[in-house]
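The values are calculated or read from the model by the stated rules, or taken from the named source; none is laboratory data. What you are looking at is a predicted structure, and each value in this text was computed from that prediction instead of being measured. Cβ placement follows ideal geometry from the backbone for every residue including glycine, while neighbour counts extend to all protein chains displayed. Heads up: the accessible areas ignore ligands, DNA and RNA and are worked out on the full protein's heavy atoms, side chains in. Shrake-Rupley method; radii C 1.70, N 1.55, O 1.52, S 1.80 Å.
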Amino acid sequence: MANITVNTRRSVGTINRNLFGHFSEHLGRCIYQGLYVGENSPIPNVNGIRADVAQALRNLHIPVLRWPGGCFADEYHWRDGVGPKADRKRMVNTHWGYVVEDNSFGTHEFLELCRQLGCEPYINGNLGSGTVREMSEWVEYLNSDGDSSVVRERRQNGREEPFNVKYFGVGNENWGCGGNMRPEYYADEYRRYQTYCRNYGENKLFRIACGPSDVDYQWTEVLMKNAARYMDAITMHYYTILGPDWQHKGSATAFTAQEFYTTLRKALAIEPMISKHLQIMDRYDPEHRVGLIVDEWGTWHNVEPGTNPGFLYQQNTMRDALVAALTLNAFIAHCDRVVMANIAQTVNVLQAVVLTEGDKMALTPTYHVFDLYQAHQDAAAADCFIQGDMAAEGLCQLHASASFKNGALTLTVANASADKPAEVTVALDGFTAREVSARVLVGAMDDYNDFTHTAVAPKALDSVKIAEGQLRFTLPACSVAELTCR
Ligand code: AHR
């Protein structure tokens with residue numbers, strides 16, 4: 001038995017649609033083969049962008065897409081990726097698999113992808129190995145309408161109007177792959193680089209500083225102390241990793257029930273981390289002008305056997321779906337301060353929502369969680385109080401988020417028990433439900449979809465009914481449900 005009380009009169013804030021954002025890096029088969037196949041590919045495409053994947057992502061209404069990295073961002077030189085493709089520079093992607101990067105996917109192709117997806121671009125600049133001038137000119141190339149040589153270059157490359165890119169990151173993981181900097185040094189470099197990232201016309205750049213990895217509170221402290229007034233947001237990265245170290249992260253598909261619960265407990269650890277970073281930010285930004293962006297999150301398992309270890313290709317089970325639900329709930333709980341989040345990564349890398357093999361495509365359980373959570377985009381978060389059992393030690397069975405938009409109340413509920421269904425009653429405070437419909441994603445904890453079979457996809461949750469003003473339903477074990485009340 002579990003009781004949930006949803007109170008639409010108590011709201012922490014509006015759920016920024018950008019909490020459901022994505023991240024795509026020049027890594028493995030995310031960009032090449034996953035999102036981009038080129039105009040001459042036999043795989044159906046529009047201007048080189050895979051038609052099937054683009055349609056699947058449009059169906060999710062993904063709001064924002066981060067590119068080109070990740071670690072790749074701090075060795076990416078944007079001019080290598082513009083102009084005639086035959087003349088583009090070739091490089092070896094030393095971070096990821098030592099494969100040749102032919103730069104056929106560059107600035108124009110990324111912005112064409114965002115146009116086709118109907119999402120905002122979030123471009124991450126190179127502070128680690130690029131110059132101030134290079135970053136400054138990239139912003140000018142993207143956004144200026146003046147008659148400068150840089151803008152003429154863009155026009156020669158086929159784009160007359162400025163792209164008006166808003167979200168711009170000044171370096172990535174500069175404490176690690178982005179230059180192994182100390183926070184004091186990065187703070188000074190950040191101040192310098194961002195100075196030359198100009199606003200052009202009506203477009204006001206949203207400047208994003210590279211924040212900490214998970215519990216590195218010292219990084220947040222030093223950066224906020226020295227550079228808060230020069231940024232609109234600070235980032236944070238957190239990956240859910242089961243194993244004790246990078247060599248033994250654990251299989252994506254073969255795990256025990258204990259490992260399932262440990263993974264979910266590790267996913268939940270993001271919430272107190274967010275709280276603590278926000279407390280530190282409060283000291284230097286009491287007006288809450290600076291937002292927190294979790295621009296890399298998700299599960300990181302061992303790569304699939306036989307695949308390039310540098311490609312980070314992993315399968316995706318119902319365990320990943322639960323991780324997605326629990327993590328999105330943490331962002332929603334802090335939606336007054338967390339202004340964007342980007343799952344790593346969109347296609348074929350880490351906790352991907354889409355997998356491809358040749359011309360085939362599979363939608364992962366994580367994809368379906370993003371689908372079930374869509375109605376939360378730009379909705380008012382509603383307070384959600386849960387009383388129920390434990391799924392395992394230190395892990396509640398039920399996890400929920402609720403929101404209110406256009407007269408409809410949406411409740412998403414996850415059952416983190418691998419084997420126990422829950423009889424759920426939902427009391428609604430401030431809302432009268434006249435009708436309810438519900439969908440559920442359910443499977444065994446290790447169920448996954450591949451190119452020959454679909455084990456899990458949302459289906460109707462028929463048990464739901466309204467009785468005495470309350471919602472009642474049976475939530476199957478290992479599931480994520482979406483209930484819509486009007
Ligand atoms: O998402 C994979 C990598 O993880 C990114 O390139 C990097 O920023 C992080 O360490």
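Projecting the alpha carbon convex hull of the range 36-125 along each direction and taking the average yields 6.0 nm². For the range 92-200, with equal point scatterers placed on the C-alpha atoms only and solvent neglected, what are the log10 I(q)/I(0) values from the Debye formula at q = 0.10, 0.15, 0.18, 0.19 1/Å, to two decimals? Once normalised to I(0) and log-transformed, intensities are -0.33, -0.75, -1.03, -1.11. Residues in the range 344-486 average 38 Å² of solvent-accessible surface per residue, probe 1.4 Å, ligands and nucleic acids excluded. Relative to the longest principal axis of the Cα atoms of the chain, the long axis of helix 318-333 makes an angle of roughly 80 degrees.
For the range 387-436, what is one quarter of the convex hull surface built on the Cα atoms, given in nm²?
Values: hull surface 17.0 nm².
Orientation-averaged projected area of the Cα hull: 4.2 nm².
Could you work out the Kirkwood radius for the range 218-285, taking every pair of different alpha carbons, averaging 1/r and inverting it, reported in Å? Computed over the range 218-285, the radius equals 14.2 Å. Lys-Lys pairs in the chain that are eight or more residues apart or on separate chains and whose Cα atoms lie under 28 Å of each other come to 20. Each label was represented as a point 7 Å from its Cα along the Cα-to-Cβ direction; for Lys276 and Val100 these points are 4.7 nm apart. Specify the inter-centroid distance of the range 109-173 and the range 288-314, based on alpha-carbon positions, in whole Å. Spelled out, the Cα-based centre of one part sits 24 Å from the other.
In angstrom, the C-alpha Rg and Dmax of the range 1-51 are 20.3, 57. The angle between the Cα long axis of helix 132-143 and the main principal axis of the chain comes to about 70°, on a 0 to 90 degree scale.
Using R₀ = 30 Å, calculate the FRET efficiency as 1/(1 + (r/R₀)^6) where r is the Cβ-Cβ separation of Val92 and Thr452; round to 0.05.
Numbers: r = 34 Å, r/R0 = 1.14.
FRET efficiency, Val92 to Thr452: 0.30.
Of Met224, Met1, the residue with the largest accessible area leads and the full order is Met1, Met224 (1.4 Å probe).
On a 0 to 90° scale, report how tilted helix 51-60 is relative to the longest principal axis of the chain, with both axes built from alpha carbons and the result rounded to the nearest 10. Taking Cα atoms only, the helix is inclined about 50 degrees.
Rounded if a/c is under 1.5, else prolate if a/b beats b/c, else oblate: with a ≥ b ≥ c from the C-alpha gyration tensor eigenvalues square-rooted, which is the range 69-110?
Numbers: a/c = 2.24, a/b = 1.44, b/c = 1.55.
Because a/c hits 1.5 or more and a/b fails to exceed b/c, the range 69-110 counts as oblate.
Where the convex hull is taken over the Cα atoms of the range 369-486, what is its projected area averaged over directions, in nm²?
Values: hull surface 31.7 nm².
One quarter of the hull surface, i.e. the mean projection, equals 7.9 nm².
For the range 136-227, the Kirkwood radius over C-alpha pairs fed into Stokes-Einstein at 10 °C and 1.306 mPa s yields D = 110 µm² per second. Ordered by 1.4 Å accessible area with all protein chains kept, Ser24, Ser129 run largest first as Ser129, Ser24. Within the chain, the cysteines lacking any other cysteine Cβ closer than 4.7 Å to their own Cβ are Cys30, Cys114, Cys119, Cys197, Cys210, Cys335, Cys384, Cys396, Cys478, Cys485. Normalised by 2.2 N^0.38 Å, with N the number of residues, the alpha-carbon radius of gyration of the range 17-377 equals 0.94.
In percent, rounded to a whole number, the relative contact order of the chain is 20, using alpha-carbon pairs under 8 Å and six or more apart. Any idea how far apart Lys405 and Glu393 come out in nm if each label point goes 7 Å out from Cα toward Cβ? With each label placed 7 Å out from Cα toward Cβ, I get 4.1 nm. Solvent-accessible surface (1.4 Å probe) assigned to His61 amounts to roughly 110 Å². Other residues within the sphere of radius under 10 Å centred on the Cβ of Asp52, judged by their own Cβ, net out at +1 (K and R +1, D and E -1).
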